[in-house]
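Trainee: My questions will all concern the structure given below.
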């Protein structure tokens, strides 16, 4: 059994002097739903293309199912076990929906006809309509059908819900959650943090080509807490906060502190300040994300 | 299924090419029926020479068109990423796509030559059926050289440069043949025009050999580029 379905070590990629990836170390556990987050241009799509063998890395290594993606025969076998949704979700415009499905099906021996029928019905995809005549949302749905029906062990999805209406997004998220119950690993990038928080059990935040946060979402949310310190009169700040304070924001007589570790010690330190009262609050994924990408 | 995809991608271009072919044949038919009888063989072949230019351009275009089927270059967008995410080697994508394109356009060349022979009486008066077959073979060889040159260009050039690269390659090769000290017997341009089997009543084997070597060489080079980029 492979522990990390995806593992990269010091992965580097440069485009015309611009470093898109600068030593990316990533590990995606088997059976997880891994949300891959980052700002525009952070390196998410480049990472995905490298994993799919669509780009050559300039340095470092990447393994999927324990096989290096740089080995040609291995890469073909890897792709047989992967479902992939690209960022632009473009398919062959000259084919009909039915033709694209019939074209894709034979490449994947574990193709799930039951899921194909289910998604055709759920997404209301007209089999005789040309791909060129589909809306962006319908193209996304078709791409998801082609990906999730493959019987793949790993789904690599670049912005899978982009272009979908809220109802379809809900359906897709539910299906993704259901698919992992059958043992499939899902690695997906998204800007929709609420969606990620809803279904992901692991997250990785990439910024400027480096992974700056990675781990189980529950652990991260347990680790991070916001402390609200309200002062009776003037605000007092210590000369130095206990290690673990990520960010302090002052708002009138109140300090808002985001802590990533040593939360108890930080709370004690805050209580020791004159005239202070301290409240602890859980944080959202959005807060964790914004804090890290702004401070990086 | 790759053949099926290739066919869907190529069929309208094939229809377009057949349409142009029918136009040329209609013109030759009209000239053959209404026009004055040719005084020299060259007069009968003038139209063929024009057609040869068209066939060269058509084959180069067909070669250029294969590129999105197997290669992701910097300007890649659209469905290429979907194709490349399939569990198929890039070499196989290249092989299927370029073979299909070559077969279809070779079919057009054969149809064109058969049609030309059938509708243009001056040609039948100037050459034998065997010479027409030889000429067809030479035309396929000549076109193959440019077709695979374009396939090769498609392995490393982006977008607009693919087209310009193929056009420059065509002019570059014609310049090489006309202005270098190479013997006329290996000139593949002359082998489908002034030195063609229809004009000199002999098969230009040396030129056919050169064309075949060029075609195989360009395909080999294309496959090397694709294998280097293979993951």
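The numbers here are math on the coordinates, done by the rules we state, and not lab data. Source: prediction; values computed, not measured. Neighbour counts run over all protein chains shown; Cβ positions are idealised from the backbone, glycine included.
Trainee: Can you give me the angle between helix A:136-148 and the longest principal axis of chain A, using Cα atoms only, in degrees from 0 to 90, rounded to the nearest 10?
Mentor: The helix A:136-148 is inclined about 80 degrees to chain A.
Trainee: Can you give the average number of partner chain beta-carbon atoms within 10 Å of each beta-carbon in peptide A:51-60, as a whole number?
Mentor: For this peptide, the per-residue mean of nearby foreign Cβ atoms is 3.
Trainee: Efficiency by 1/(1 + (r/R0)^6): what FRET value for residue A:72 and residue A:212, r their Cβ-Cβ distance, R0 = 41 Å, to the nearest 0.05?
Mentor: Taking R0 as 41 Å, the efficiency between residue A:72 and residue A:212 is 0.80.
Trainee: Between residue B:99 and residue B:15, what FRET efficiency follows from the Cβ-Cβ distance if R0 is 30 Å, with the result rounded to 0.05?
Mentor: 0.90
Trainee: Within 10 Å of each Cβ in A:96-107, how many Cβ atoms from other chains are there, averaged over the peptide?
Mentor: 2
Trainee: Using the eigenvalues of the Cα gyration tensor, what equivalent ellipsoid semi-axes result for region B:81-149 when each is taken as the square root of five times the eigenvalue, whole Å, largest first?
Mentor: Calculated on Cα positions only, the semi-axes equal 36, 11, 7 Å.
Trainee: Rounded to the nearest 10 degrees, what's the angle between the helix A:166-181 long axis and the longest principal axis of chain A, both from Cα atoms, 0 to 90?
Mentor: So the helix axis and the longest Cα principal axis differ by about 90 degrees.
Trainee: I want to verify the translational diffusion coefficient of region A:224-295 in µm²/s; compute it with Stokes-Einstein, Rh as the Kirkwood radius over Cα pairs, at 25 °C and 0.890 mPa s.
Mentor: It diffuses with D of about 200 µm²/s by this estimate.
Trainee: To the nearest 10 degrees, how steep is helix A:113-122 against the longest Cα principal axis of chain A, on a 0 to 90 scale?
Mentor: That helix lies at roughly 70 degrees to the long axis.
Trainee: Moving on. Given 0.36 nm per residue, what is the gain on full extension from residue A:14 to residue A:56 after removing their alpha carbon distance, in nm?
Mentor: Between residue A:14 and residue A:56, full extension yields 14.1 nm more.
Trainee: While we're looking at this one, here's another question. Hey, can you rank A:161-169, B:204-212, A:185-193, A:144-152 by average C-beta count inside 10 Å, highest first?
Mentor: Taking the mean over residues of other Cβ atoms within 10 Å, the ranking is A:144-152, A:185-193, B:204-212, A:161-169.
Trainee: Need one number: nm distance between label points at residue A:94 and residue A:247, each 7 Å from Cα along Cα→Cβ, rounded to one decimal.
Mentor: Label-label distance for residue A:94 and residue A:247, simple model: 5.1 nm.
Trainee: On full extension of the chain, what length is gained from residue B:30 through residue B:206, given 0.36 nm per residue of separation minus the C-alpha to C-alpha distance?
Mentor: Using 0.36 nm per residue and subtracting the Cα-Cα distance, I get 59.8 nm.
Trainee: Rounded to two decimals, what is Rg over Rh for region A:58-124 when you use alpha-carbon atoms and the Kirkwood radius?
Mentor: Ratio of gyration radius to Kirkwood radius for region A:58-124: 1.05.
Trainee: Based on DSSP H runs of at least 4 residues, each adding -39500 (n - 2.57), what is the mean residue ellipticity at 222 nm of chain A after dividing by all its residues, to the nearest 500 deg cm²/dmol?
Mentor: -9500 deg cm²/dmol
Trainee: Moving to a separate point now. So what are the three principal axis dimensions of the protein assembly as shown from its Cα atoms, in whole Å, longest to shortest?
Mentor: Ordered largest first, the protein assembly as shown gives principal extents of 115, 53, 45 Å.
Trainee: Using every alpha carbon pair in chain A, what percent of pairs falls into each 5 Å bin from 0 up to the bin containing the largest distance?
Mentor: 1, 5, 11, 14, 15, 13, 12, 9, 6, 5, 4, 3, 2, 1, 0
Trainee: Also, quick follow-up: Average the reciprocal distances over every distinct pair of alpha-carbons in region A:140-290, invert the result, and give the Kirkwood radius in Å.
Mentor: Kirkwood radius, region A:140-290: 17.9 Å.
Trainee: Just to be sure I understand: with springs between alpha-carbon atoms less than 10 Å apart, which residue in A:123, A:231, A:15 has the highest mean-square fluctuation in the Gaussian network model of chain A?
Mentor: A:15
Trainee: Continuing with the same structure: Just counting partner chain Cβ atoms within 10 Å, what average do the residues of peptide A:70-79 show around their Cβ?
Mentor: Going residue by residue through A:70-79 and averaging, the value is 4.
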